[in-house]
Amino acid sequence: MTNLRWKSPWRLLGPLLGLLVVFAPSCLVAQDEKAVSPEKREEFLVTFKRGPLNVQYDDGVFLRLMVEMSKATSGVEVGAYNGYSAIHAGIAFERNGGKLTTIDIDPKAVEVSRANIAKFGLDKTITVVEGDALKVLPELKGEYDYVFIDAVKSDTLKYFQAIKPRLKVGAVIVVHNAVSSAAAMKDFLDAMKADKDYDMVIVRAGTNPRDGMAICYRRK
């Protein structure tokens, strides 16, 4: 019984995160409407009112570095929530002269994301699309060199398969909650390990020792 008390909550964490994706957006609140100057962006990202589905600040900085170091210019994000991770990546896309499209099925999440992105002056760099990502992704045009997936964990492989035909060689794919929700996205993790065109590693950029992100790289 002692083992069950300690282990069962973590076994349930993946499915619970999947439920949070559905229910958490009802708690979304846009940040103060006052615009953030470029030199104040970092300060506001640190103090940003993050919700239960947001990446940590350090994870957000990691996403920004992934975009900037890979010189990505065309990105897509699945799961906008309140725009926090898109803002981090968007700063790098702005520097690279690129564009990011972020998708969310929840109208409130879309509304809040657009408001927050505009507050940071990134509305010309980031486009927020309302809709089911599994329907939106196949309709996207062009090629992409950055993908961030942070939505329904059990659908991770489906999201990846929907965008895979449009990924450039050298594309970076980042998947959030690859440790805490490993069971829910097992099919994705197994598929990436078996795909000879991709390399994958799990990293922990933030301070949460129980979670991490899957970083995948298209080699050929």
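On the basis of being closer than 14 Å to Glu77 by Cβ, among the aliphatic types (A, V, I, L, M), at pLDDT 95 or above and not in a strand (DSSP E or B), does Val174 make the cut? Can you show your working first?
Details: closer than 14 Å to Glu77 by Cβ: yes; among the aliphatic types (A, V, I, L, M): yes; at pLDDT 95 or above: yes; not in a strand (DSSP E or B): no.
No: the conditions fail for Val174.
Each residue in the stretch 203-219 was checked for being within 18 Å of Ala72 (Cβ to Cβ), in a loop (DSSP other than H, G, I, E, B) and either touching a His at 6+ places or on another chain (Cβ under 8 Å) or of a type outside the set (A, V, I, L, M, F, W, C) (or both), and 1 pass.
Scan the helices (runs of 4 or more DSSP H) fully inside the stretch 56-154 and keep the ones with 1 or more residues being farther than 22 Å from Lys168 by Cα and touching a strand residue (DSSP E or B) at 6+ places or on another chain (Cβ under 9 Å). Before the answer, list the steps.
Working: elements: 57-69, 84-96, 107-119, 133-136.
Fully inside the stretch 56-154 and qualifying: 57-69, 84-96, 107-119.
Hey, could you check the stretch 164-193 for residues that are surrounded by 16 or more Cβ atoms within 10 Å (Cβ to Cβ), in contact with a Leu (Cβ under 8 Å, 6 or more places away or on another chain) and not aliphatic (A, V, I, L, M) and say which is farthest from Val152 (Cα to Cα)? Let's see the steps before the verdict.
From the stretch 164-193, those surrounded by 16 or more Cβ atoms within 10 Å (Cβ to Cβ) are 164, 166-167, 171-182, 184-185, 188-189, 191-192; that's our starting set.
This time we only want the ones that are in contact with a Leu (Cβ under 8 Å, 6 or more places away or on another chain), so: 166, 173-174, 177-178, 180-182, 184-185, 188, 191.
From what's left, not aliphatic (A, V, I, L, M): 166, 177, 180-181, 188.
Details: Arg166: 21, Asn177: 11, Ser180: 13, Ser181: 10, Phe188: 12 Å.
Ranking the qualifying residues of the stretch 164-193, first place goes to Arg166.
Every residue, every condition in (1) within 29 Å of Gln161 (Cβ to Cβ); (2) surrounded by fewer than 23 Cβ atoms within 10 Å (Cβ to Cβ); (3) among the aromatic types (Phe, Trp, Tyr), yes or no:
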residue: Ser37; (1), (2), (3): no, yes, no
residue: Glu43; (1), (2), (3): no, yes, no
residue: Val55; (1), (2), (3): yes, no, no
residue: Gly60; (1), (2), (3): yes, no, no
residue: Ile87; (1), (2), (3): yes, no, no
residue: Arg95; (1), (2), (3): no, yes, no
residue: Thr127; (1), (2), (3): yes, yes, no
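When the stretch 104-138 is filtered for residues that are without any contact (Cβ under 8 Å) to a residue 40 or more places away in the chain, in contact with a helix residue (DSSP H, G or I) (Cβ under 7 Å, 6 or more places away or on another chain) and under 17 Å from Thr73 (Cα atoms), the ones remaining, listed by number, are Leu122, Asp123, Thr125. Met200 - would you say it is within 21 Å of Arg219 (Cα to Cα), assigned to a helix (DSSP H, G or I) and of a type in the set (A, V, I, L, M, F, W, C)? Against the criterion (within 21 Å of Arg219 (Cα to Cα), assigned to a helix (DSSP H, G or I) and of a type in the set (A, V, I, L, M, F, W, C)), Met200 does not qualify. Of the residues making up the stretch 36-50, just one is of a type in the set (Ser, Thr, Tyr) and farther than 16 Å from Val61 by Cα, namely Ser37. Report, by residue number, each residue of the stretch 194-220 that is of a type in the set (Lys, Arg), surrounded by 12 or more Cβ atoms within 10 Å (Cβ to Cβ) and free of Cβ contacts under 8 Å to residues at least 12 places away in the same chain. Those that are of a type in the set (Lys, Arg), surrounded by 12 or more Cβ atoms within 10 Å (Cβ to Cβ) and free of Cβ contacts under 8 Å to residues at least 12 places away in the same chain: none in the stretch 194-220.
For the stretch 178-197, which positions are in a loop (DSSP other than H, G, I, E, B) and either at positive phi or small (Gly, Ala, Ser) (or both)? Show your work before the answer.
If we filter the stretch 178-197 for residues that are in a loop (DSSP other than H, G, I, E, B), which is where we start, we get 178-185, 195-197.
Within the stretch 178-197, Ala178, Ser180, Ser181, Ala182, Ala183, Ala184 meet the criteria.
I'm trying to understand the selection: among the residues of the stretch 49-68, which are at pLDDT below 90 and out of contact with any Cys (no Cβ under 7 Å at 6 or more places or on another chain)? Across the stretch 49-68, the qualifying residues are Lys49, Arg50, Pro52, Leu53, Asn54. Scanning the stretch 52-84 for residues that are over 22 Å from Asn208 (Cβ atoms) and of a type in the set (Val, Ile, Thr) yields Thr73, Val76.
Residue check: Gln161 meets all listed conditions (1) among the polar types (S, T, N, Q); (2) surrounded by fewer than 17 Cβ atoms within 10 Å (Cβ to Cβ); (3) closer than 20 Å to Asn54 by Cα but one, namely (3). One residue alone among Arg210, Arg204 is among the basic types (Lys, Arg), closer than 22 Å to Arg64 by Cβ and modelled with pLDDT under 95, and that residue is Arg204.
The values are calculated or read from the model by the stated rules, or taken from the named source; none is laboratory data. Everything numeric in this text was worked out from a predicted model, so none of it was measured. Reconstructed Cβ throughout: ideal geometry from the backbone, glycine too, with neighbour counts over all protein chains shown.
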